[in-house]
Amino acid sequence: MKATRTPVLTERILCHPESPEPEAIARAAALLRQGELVAFPTETVYGLGALAFDADAVAKVFAAKGRPSNNPLIVHIAGRDWLEWVAVAIPPVAHRLVETFFPGPLTLILHKHERIPPVVTAGGATVGVRWPAHPVAQALIRAVGAPLAAPSANRFTEVSPTTADHVLKSLDGRIAAVLDGGPCPVGIESAVLDVTTTPPTLWRAGILSQAELEAVAGQPFQRPQPGAVVASPGQFPRHYAPRAHVELVLPGDVPNIEHRLARWLAHGQRPAALVISEVTPPAGARLLRLPAQPEAYAHRLYAALHELDAQGVEVIVIEQVPADPAWDGLRDRLHRAAGKP
């Protein structure tokens, strides 16, 4: 009789989000120092951490996520003085941005230090660096005593996790542990700004607006040029995507939203709508209304997509967000969820 293998489950380590318990942090840090993978909360989404200087540990991240090797990772630090551990030739504009926005939801792309393994940067000469503001993330990185390479803690292209339950739904048994520090307050990934180019290149919008960043940088940004070497994560056409098919509808087009829900019901599908406007769904269709303020909308977006997936929804009709710069990061996430960057 063939023996059956008992699956190894991921350890959940409970941790207070504002006052991290030393025992919880020490347990997670010990696993990371052993070359294991540990998911942890940041203010944006949960990250999947590995020792940034350990190429073998970082390779496990790509395997656990099913992530292609040409998609670079972001390195997380725990202080301004850590920048010189991971980057060289740091320009003045980077220091201005660091003074204003670190710690926080901003990633800066810098010239990488030679100690950063090529697997972290997809073989490139630059590295994305972020100092997260979440108390649990800060305590963990300090306890490890080394930077952590950490993409979002989910399978590749799926919706990023904003709770430990989301992490386990995607990666249970694939990673050693998740440090459960409750829901992430921001809810979408950081902005990514390349300051090795002139002018700086905004690769990914976030909750920080381009205008806020440009005001501190003292110059306007450019967008990635066609054919440019990809220096940032989050650039695949379909990303941040639920299992359900996603359709986008113009802001305020309530009749179209209601029509699409009715049409999908008639085709035997289980549809839902994710909206800001007042919508009356037909019987049998799910409806989730999100706040009309970008920060509050961001906090709820991924949790709402996870919720609809868990309910077996097959089609999600999403009302697009307002055409305002404050919503740029959210507009990007919705377009990629629909496979339309």
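List every residue pair whose Cβ atoms lie under 8 Å apart, where the two residues are 6 or more positions apart in sequence or sit on different chains, the first residue falls within the range 76-87 and is closer than 14 Å to P117 by Cα and open to solvent by 10 Å² or more (accessible area, probe 1.4 Å), and the second residue, located anywhere, is of a type outside the set (G, A, S) and not in a helix (DSSP H, G or I).
Sorted first by the residue in the range 76-87, then by its partner, the pairs are W85/I77; W85/H113; W85/R115; W85/P147.
Surrounded by fewer than 21 Cβ atoms within 10 Å (Cβ to Cβ) and either in contact with a Leu (Cβ under 9 Å, 6 or more places away or on another chain) or touching a residue at least 60 places away in the same chain (Cβ under 8 Å) (or both): which single residue out of D309, D328 fits that description? Quick ask: steps written out before the conclusion?
Values: D328 fails: surrounded by fewer than 21 Cβ atoms within 10 Å (Cβ to Cβ).
Going through D309, D328 in turn, just one is surrounded by fewer than 21 Cβ atoms within 10 Å (Cβ to Cβ) and either in contact with a Leu (Cβ under 9 Å, 6 or more places away or on another chain) or touching a residue at least 60 places away in the same chain (Cβ under 8 Å) (or both): D309.
I'd like to know if the range 298-313 contains one or more residues that are within 27 Å of S152 (Cα to Cα) and assigned to a strand (DSSP E or B). It would help to see each step written out before you state the result.
Taking the range 298-313 and keeping what is within 27 Å of S152 (Cα to Cα), we get 298-313.
Going one step further and asking which of them are assigned to a strand (DSSP E or B), we end up with none.
Among the residues of the range 298-313, not one is within 27 Å of S152 (Cα to Cα) and assigned to a strand (DSSP E or B), which makes the answer no.
Which of the strands (runs of 3 or more DSSP E) found entirely inside the range 7-60 contain at least 2 residues meeting this: closer than 30 Å to E295 by Cα and in contact with a Pro (Cβ under 8 Å, 6 or more places away or on another chain)?
Values: elements: 11-14, 38-41, 46-51.
Per the criteria, 38-41, 46-51.
Taking P271, is it open to solvent by less than 20 Å² (accessible area, probe 1.4 Å), modelled with pLDDT under 95 and touching a helix residue (DSSP H, G or I) at 6+ places or on another chain (Cβ under 9 Å)? Walk me through how you get there before you give the answer.
On the way: open to solvent by less than 20 Å² (accessible area, probe 1.4 Å): yes; modelled with pLDDT under 95: no; touching a helix residue (DSSP H, G or I) at 6+ places or on another chain (Cβ under 9 Å): yes.
Here the answer is no, as P271 does not meet what is asked.
Could you grab the pairs with beta carbons closer than 6 Å, sequence gap of 6+ or different chains, first residue in the range 44-73 and hydroxyl-bearing (S, T, Y), second one outside any helix (DSSP H, G or I)?
Listed pairs, sorted by first residue: T44/P105; T44/V186; T44/E189; T44/S190; Y46/A39; Y46/A153; Y46/P161.
Can you give me the number of residues within the range 289-306 that are under 17 Å from L208 (Cα atoms), among the hydrophobic types (A, V, I, L, M, F, W, C) and surrounded by 15 or more Cβ atoms within 10 Å (Cβ to Cβ)?
Summing the residues that are under 17 Å from L208 (Cα atoms), among the hydrophobic types (A, V, I, L, M, F, W, C) and surrounded by 15 or more Cβ atoms within 10 Å (Cβ to Cβ) in the range 289-306 gives 2.
In the range 191-222, which residues are out of contact with any helix residue (DSSP H, G or I) (no Cβ under 9 Å at 6 or more places or on another chain) and surrounded by 22 or more Cβ atoms within 10 Å (Cβ to Cβ)?
Of everything in the range 191-222, those that are out of contact with any helix residue (DSSP H, G or I) (no Cβ under 9 Å at 6 or more places or on another chain) and surrounded by 22 or more Cβ atoms within 10 Å (Cβ to Cβ) turn out to be V192, D194, W203.
Do the conditions hold for V45, that is, is it in contact with a strand residue (DSSP E or B) (Cβ under 8 Å, 6 or more places away or on another chain), buried (at least 18 other Cβ atoms within 10 Å of the Cβ) and at pLDDT 95 or above? If you could, list the steps in order and put the result at the bottom.
Details: in contact with a strand residue (DSSP E or B) (Cβ under 8 Å, 6 or more places away or on another chain): yes; buried (at least 18 other Cβ atoms within 10 Å of the Cβ): yes; at pLDDT 95 or above: yes.
In short, yes.
The values are calculated or read from the model by the stated rules, or taken from the named source; none is laboratory data. Please read all numbers here as calculations on a predicted model, not as lab measurements. Using ideal geometry, Cβ is built from the backbone for each residue, glycine included, and neighbour counts are taken over all protein chains shown. Ligands, DNA and RNA are excluded from the accessible area calculation, which covers all protein heavy atoms including side chains. Shrake-Rupley method; radii C 1.70, N 1.55, O 1.52, S 1.80 Å.
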